[in-house]
1. Hey, which lysines would be in cross-link range of LYS32, C-alpha to C-alpha under 17 Å, not counting anything within fewer than 8 residues on its own chain?
2. Note down the accessible area of ARG69, probe 1.4 Å, to the nearest 10 Å².
3. Averaged per residue, what accessible area in Å² does the chain show with a 1.4 Å probe, protein chains only?
4. Ignoring ligands, DNA and RNA, what percent of the 1.4 Å accessible area of the stretch 94-171 is carbon and sulfur?
5. Rounded, prolate or oblate: which fits the stretch 106-145, taking a ≥ b ≥ c as square roots of the Cα gyration tensor eigenvalues, rounded meaning a/c under 1.5, else prolate when a/b beats b/c?
6. Set the Förster distance to 45 Å, then compute FRET efficiency between GLU154 and ALA191 from the Cβ-Cβ distance, nearest 0.05.
7. HIS135 to ARG17: FRET efficiency via 1/(1 + (r/R0)^6), r the Cβ-Cβ distance, R0 30 Å, to the nearest 0.05?
8. Calculate the FRET efficiency for GLU161 and LYS32 from the Cβ-Cβ distance with a Förster distance of 41 Å, rounded to the nearest 0.05.
Amino acid sequence: MLATPTIRGAYDFREQREAEILDRIRQTFADKGFDGASMQDLARAAGMSVGNFYRYFPSKAAMVQAIVRRELAELEQNFAMVLGAPDPFVALRAGLHQRIEQDSRGCSEGTLWCEITAAAARKPEIAQIVLDMEHEITRYFILAFQRITGLCAEEAERRFEAHAILAVTLIKAVAMRGGHGFETGSNDLLALVKRMTDVLLNEVASARSIG
């Protein structure tokens, strides 16, 4: 009975330590690139010896997996708020617009995802991690669409999986463009992306009256 809290406590400590390390090395990844940042560079940025660093992250793929895990945990919370909102359509639209504006301003997050996406084109293990992440985010969108329309899970997926994939693609594109330093701000491109997401969401919401 006493062993479980001890094990859980050790696990929580490791997760917290991994999060601290990731926060310290993200900028190094963004500055030097996925391939350009050596394990020595990353260990130095984390303030650790290389040997100790390897205890937490034995490979760059392990780092990407941890970064993705954190991103999904945050997104899961965001979508939980959408699902629990009095009007999930309004909540999802507001959340998407906010994310688009945030990602369009240019930041190290966008640069990091540019590097990870480029690495995925060369490294099958990274590609699989990114693909699994996009599938999970697509699933979140379909759950939100199901909540908005009142359709059953199978029908929501059949009718709106393409809409979910497009939403993921748009957000990813905005983040990567911002990561390259092409800030969209509140210009015509940013407004167009928002209109495209509105068209997408309006098509989903129309199923409420005909579904």
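The values are calculated or read from the model by the stated rules, or taken from the named source; none is laboratory data. Computed from a predicted structure; not experimentally measured. Every residue, glycine as well, gets a Cβ built from its backbone with ideal geometry; the counts of neighbours run over all protein chains shown. For accessibility, only protein heavy atoms count, side chains too; no ligands or nucleic acids. Shrake-Rupley method; radii C 1.70, N 1.55, O 1.52, S 1.80 Å.
1. Partners within reach: LYS60.
2. 120
3. Here the per-residue accessible area is 55 Å².
4. 54
5. oblate
6. Calculated value: 0.80.
7. 0.60
8. Working from the Cβ atoms, E equals 0.65.
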